[in-house]
1. Just read off the accessible area of Lys79 with the full protein assembly in place, 1.4 Å probe, to the nearest 10 Å².
2. Could you list, in their original order, any pairs among Lys191/Lys361; Lys174/Lys207; Lys132/Lys258 whose Cα atoms are separated by more than 25 Å?
3. Keeping all protein chains in position, work out how much accessible area Met130 exposes to a 1.4 Å probe, and write it in Å² to the nearest 10.
4. If I stretch the segment between Gln376 and Asn94 completely, what's the gain in nm (0.36 nm per residue apart, minus their alpha carbon distance), one decimal?
5. If each DSSP helix of 4+ residues adds -39,500 (n - 2.57) and the sum is divided by the residues in the chain, what number results at 222 nm, nearest 500 deg cm²/dmol?
6. Which of rounded, prolate, oblate describes region 13-120, given a ≥ b ≥ c as roots of the alpha-carbon gyration tensor eigenvalues and a/c under 1.5 marking rounded, otherwise prolate only if a/b is larger than b/c?
7. Calculate the FRET efficiency for Glu6 and Lys70 from the Cβ-Cβ distance with a Förster distance of 30 Å, rounded to the nearest 0.05.
8. At 1.4 Å probe size, with the rest of the protein present, what percent of the exposed accessible area of region 299-354 is carbon and sulfur atoms?
Amino acid sequence: MNSEWEEKKLEELAVNLNSKRVPLSSRERERLKKVYPYYGAQGIIDYVENYLFDGEYLLIAEDGENLKSKKQHIANIAKGKFWVNNHAHILLNNDLSDLYFLYYYINNTDISGYITGSVQPKLTKANLNMVKVLLPSLPEQRGISKILKAIDDKIELNNAINKNLEEMAQALFKRWFVDFEFSNENGEPYKSSGGEFEESELGLIPKGWRVSILEEFCNISTEGVNPHLLTDKVFEHYSIPAFDDGKLPVFELGASIKSNKYKVHRNSILVSKLNPETKRVWRPYCITEDTICSTEFMNYLPKDPETFAFCYSVFNSESFYQFLISNTTGSTNSRQRAKPKATLNYRMPVGNKSIITLFSKTVEAIFEQISGLGLQNKQLADIRDSLLPKLMSGEVRVPLNKEYPISQSSDLPLAAESNAQYSTT
């Protein structure tokens with residue numbers, strides 16, 4: 001413990017606003033317009049038409065399995081106008097603390113001693129108040145949070161760029177294969193320049209095109225891996241929580257992975273079959289040879305490597321997304337699954353191979369840039385995670401002869417809740 005730092009209880013550093021929370025049942029929310037975020041234990045779970053809070057606050061999970069596993073952050077920043085249910089404590093820092101310092105501190109601290117309940121883990125308000133915080137001066141808190149937040153802001157910026165690039169690639173796919181404005185032999189848009197069409201089961205398609213099914217282009221791999229039998233091996237693991245937490249794989253020892261997984265190949269395209277209404281399409285980085293994914297993903301392999309970008313664009317298209325939703329099993333929203341074999345029957349208009357490979361080559365540069373920024377995010381996250389415990393313990397100090405602006409004015413990535421593992425009240 002750094003001798004210059006003080007140990008205080010969390011209740012001395014923040015005001016608890018739990019009494020202002022109001023839970024809304026899923027039935028009540030169904031009747032509301034979707035305007036303002038509705039937060040649960042791990043982040044946004046819905047949108048409602050009114051709000052309870054307006055500003056910047058710290059939300060800390062009150063219950064749920066994640067309190068023990070910590071696969072996602074248990075503390076999140078909520079800002080703007082929003083609503084909170086009774087599964088998240090809501091705190092506002094006082095004049096002794098920096099909100100973002102508390103955010104990083106809580107997420108980097110072992111609070112297992114404050115958690116009760118083995119089946120239904122819970123962090124009560126009383127126990128949360130007792131959490132001990134090793135506290136530097138306020139300027140140093142702001143300096144620490146500024147450094148960490150700068151890294152997170154860069155990650156968020158990269159994510160925003162990647163989102164735009166994905167949209168560009170998807171717009172290009174739509175122009176070629178939905179609007180049929182691919183370039184003709186004169187380099188002009190086919191449809192606008194009077195290209196001929198003919199009838200098909202999907203409606204009018206360019207003359208010479210045909211209707212095909214996805215199975216012509218892809219297989220689904222179910223090659224299994226038992227990580228827990230290879231206890232000392234580190235696996236590059238693509239899971240649903242990892243996708244939702246920034247689309248970065250987690251590197252884990254086989255001993256810590258309890259269930260069987262699928263082997264991921266360098267040309268794999270992962271599509272979540274769990275709750276397909278939440279769209280999850282992932283191009284793995286395959287940084288290592290030991291790459292695996294959750295069996296909640298469908299692991300597609302393009303039959304021809306030259307059509308990879310085309311296949312990825314099909315999976316990312318609105319038409320396939322709607323097809324996926326219409327081919328599910330399960331009666332509840334939280335446990336619906338797409339039927340893998342049925343997805344191979346997805347029908348689509350296709351031109352000859354030269355058009356498909358030309359499209360793939362055209363958008364491949366976009367996908368390469370997306371992968372590059374994704375890998376940069378992995379490096380930034382590693383740097384942040386390495387620095388964080390050293391900064392929080394005082395092992396690494398920030399210079400105080402420098403003005404640090406209050407770091408509560410910028411955005412942080414917020415953990416989006418994915419699986420609705422808690423009950424609604």
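The values are calculated or read from the model by the stated rules, or taken from the named source; none is laboratory data. These numbers were taken from a predicted model, which means no experiment stands behind them. With ideal geometry, Cβ positions are generated from the backbone for all residues, glycine too; neighbour counts draw on all protein chains shown. To get the accessible areas, we keep the full protein, side chains included, count just its heavy atoms, and leave off ligands, DNA and RNA. Shrake-Rupley method; radii C 1.70, N 1.55, O 1.52, S 1.80 Å.
1. 70 Å²
2. Values: Lys191/Lys361 22 Å; Lys174/Lys207 18 Å; Lys132/Lys258 33 Å.
The pairs that break the limit, which is 25 Å between Cα atoms, are Lys132/Lys258.
3. Its heavy atoms expose roughly 70 Å² to the probe.
4. 98.0 nm
5. Values: 10 runs with 131 residues, N = 425.
Taken over the chain, the calculation gives -10000 deg cm²/dmol.
6. oblate
7. Working: r = 26 Å, r/R0 = 0.86.
After rounding, the FRET efficiency stands at 0.70.
8. Working: 1300 of 2590 Å².
Carbon and sulfur: 50 percent of the exposed surface of region 299-354.
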